[in-house]
1. Report yes if residue 173 is at pLDDT 95 or above, surrounded by fewer than 17 Cβ atoms within 10 Å (Cβ to Cβ) and among the hydroxyl-bearing types (Ser, Thr, Tyr), otherwise no.
2. Are there any pairs, at least 6 apart or on different chains, whose C-beta atoms fall under 7 Å, with the first in the stretch 84-105 and within 13 Å of residue 123 (Cβ to Cβ) and of a type in the set (A, V, I, L, M) and the second part of a strand (DSSP E or B) and at pLDDT below 95, and if so, which?
3. Could you say whether any residue in the stretch 116-126 is closer than 25 Å to residue 35 by Cβ and in contact with an Asp or Glu (Cβ under 6 Å, 6 or more places away or on another chain)?
4. For a quick check of your reading of the model, give me the residue pairs whose first member lies in the stretch 156-176 and is more than 15 Å from residue 189 (Cβ to Cβ), whose second is modelled with pLDDT under 95, with beta-carbon atoms closer than 8 Å and at least 6 apart or on different chains.
5. Please determine, by comparing only the residues of the stretch 26-60 that are more than 19 Å from residue 146 (Cβ to Cβ), charged (D, E, K, R) and part of a loop (DSSP other than H, G, I, E, B), which one is modelled with the highest pLDDT.
6. Please determine whether any residue of the stretch 198-205 is in a helix (DSSP H, G or I) and of a type in the set (Asp, Glu).
7. If you go through the stretch 78-94 one residue at a time, do you hit one that is surrounded by 21 or more Cβ atoms within 10 Å (Cβ to Cβ) and over 20 Å from residue 32 (Cα atoms)?
8. Starting from the stretch 49-75, take each residue that is free of Cβ contacts under 8 Å to residues at least 24 places away in the same chain and in the same structural domain as residue 95 (by TED's automatic domain parsing) and list its partners that are of a type in the set (A, V, I, L, M, F, W, C) and not in a helix (DSSP H, G or I), counting only C-beta distances under 8 angstrom and pairs at least six apart or across chains.
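The values are calculated or read from the model by the stated rules, or taken from the named source; none is laboratory data. Quick caveat: nothing in here was measured; it's all calculated off a predicted structure. Reconstructed Cβ throughout: ideal geometry from the backbone, glycine too, with neighbour counts over all protein chains shown.
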Amino acid sequence: MNAARIIVTLGIVMSHPHYEMPQALYAAYKHASSQKFYPLGTVRCSGDVMFRSQLARDLGCLLDVDETVVAWLCLPVEVSTSDGVHVPDVMVDYDDGRRVFLDACDEEGDASVSEGAACSRIHHRFVPREEIEAGCRLVNAKDMLRYANYRTPLNDRMRLLAALEEAGSLAISECMHLFREVQPMTGISWMLLNRMISADLDDRMLGPETALRRFTAGGVR
């Protein structure tokens, strides 16, 4: 683990050497840094990628394909509760200016954490497994994030964007031949993750019939 870690606490950015770090945060970092959950790549995580469970990692996958998310951060703050100190899984900044602290949970969350967050005047929410695993969005996100650390070459990007500009929308099967420098689904996945194109990720797994469109903020073109 790095000797210094950037901690974002209610809008204030501070650099803490590990020996000055609050005890609960240090314990959370130490535990999470010893874990490895897949996929490893992220797009909008603004700090070190550290998770304490696969479910928290899955929540992070959903944040990377949420068009309203600007950035998110793992293990951001300590929250004092009646049962001790709690460190949320992630902090999320949304495009409408909201900052929300999230915890993945199997069923119901801990009421003492919700109460402690409210007393600290921060917006906190537990996200249950049922919500995280609903539909095909998580499966599609995890498939695409395998390619998060790749990059679609400019020539391939221009060919696909020009074709979508002309046609409005195209099925994935109609776009495969446009990719000449990278594997088609590698290129398409990276462009979806980086909001150059859009597709319906909820109803079914990505397939040859999935329609692609150029991305526009706030909705499909």
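1. Yes, satisfied.
2. 91/8
3. The answer is yes; a qualifying residue exists.
4. 168/221
5. 52
6. So far as the stretch 198-205 goes, no, none of its residues is in a helix (DSSP H, G or I) and of a type in the set (Asp, Glu).
7. no
8. That search, which allows pairs on different chains as well, returns 54/37; 57/37; 57/51.
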